[in-house]
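Here the structure is laid out as structure tokens; the discussion comes afterwards.
The values are calculated or read from the model by the stated rules, or taken from the named source; none is laboratory data. It should be emphasised that the depicted structure is a prediction, and the values quoted were computed from it without experimental measurement. Methodologically, a virtual Cβ is constructed for each residue, glycine included, from the backbone with ideal geometry; neighbour enumeration extends over all protein chains shown.
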Amino acid sequence: MPLSKDPRQSALSHSRRTWLRLAPGATAAALSAIAWPGIGHGAPAAVTLQTTDPQAAVTLVRGQRLIVRLASNRSTGFRWQVNGPLPAGLRQASEPLYESDPARPAMPGAGGQETWVFEATNTGTAELNLAYRRPWETGEAAARTLKVLVRVKPH
């Protein structure tokens, strides 16, 4: 998919169901447009979670964003999905972004990374479940899962 000269414009202009493939190095610019729009206006800094562990825990304040970065290989058909309904107290702030491995951007079959952005909307505790699977293989167990215990405190 061709990108505009401004990766933030490209990232924000696609439909809700479109997965984005950004040029290497464009993720930071795209995330700055969608993940931190209130920086400089008293908004809390985003919390970034990049893990290979199947379980994690984070604490946020209401309004704070959680950025989850996960290894992915779109050429295999696998992609990360929210497993079940999104828990109360969290909202998906943007569509997931996919970026090829910058060390091997032109190699067929090379993996990359998916970046998900969520925002804490209500205080309390919730469990965010993500599953790495092929969307058409319904009923099959996920190849990988991630469970994130999210605690949201008031400001």
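A few points about this structure:
- Pairs where the first residue, in the stretch 96-109, is within 20 Å of Trp80 (Cβ to Cβ) and free of Cβ contacts under 8 Å to residues at least 60 places away in the same chain and the second is loosely packed, with under 14 Cβ neighbours inside 10 Å and among the hydroxyl-bearing types (Ser, Thr, Tyr), C-beta under 7 Å, 6+ apart: Gly109/Ser75
- Criterion: under 27 Å from Leu149 (Cβ atoms), of a type in the set (Asp, Glu) and in a loop (DSSP other than H, G, I, E, B) - qualifying residue of Glu99, Glu95: Glu95
- Scanning the stretch 117-134 for residues that are part of a strand (DSSP E or B) and hydroxyl-bearing (Ser, Thr, Tyr), we see that the one that is farthest from Gly84 (Cα to Cα) is Thr125.
- Being at pLDDT 90 or above, at negative phi and under 14 Å from the mean Cα position of the chain (by Cα) is a property that Thr76 lacks.
- All positions within the stretch 52-77 that are farther than 18 Å from Arg133 by Cβ, assigned to a loop (DSSP other than H, G, I, E, B) and of a type in the set (S, T, N, Q): Gln64
- Hits in the stretch 136-152 (condition: part of a strand (DSSP E or B) and farther than 14 Å from Ala88 by Cα): Arg144, Thr145, Leu146, Lys147
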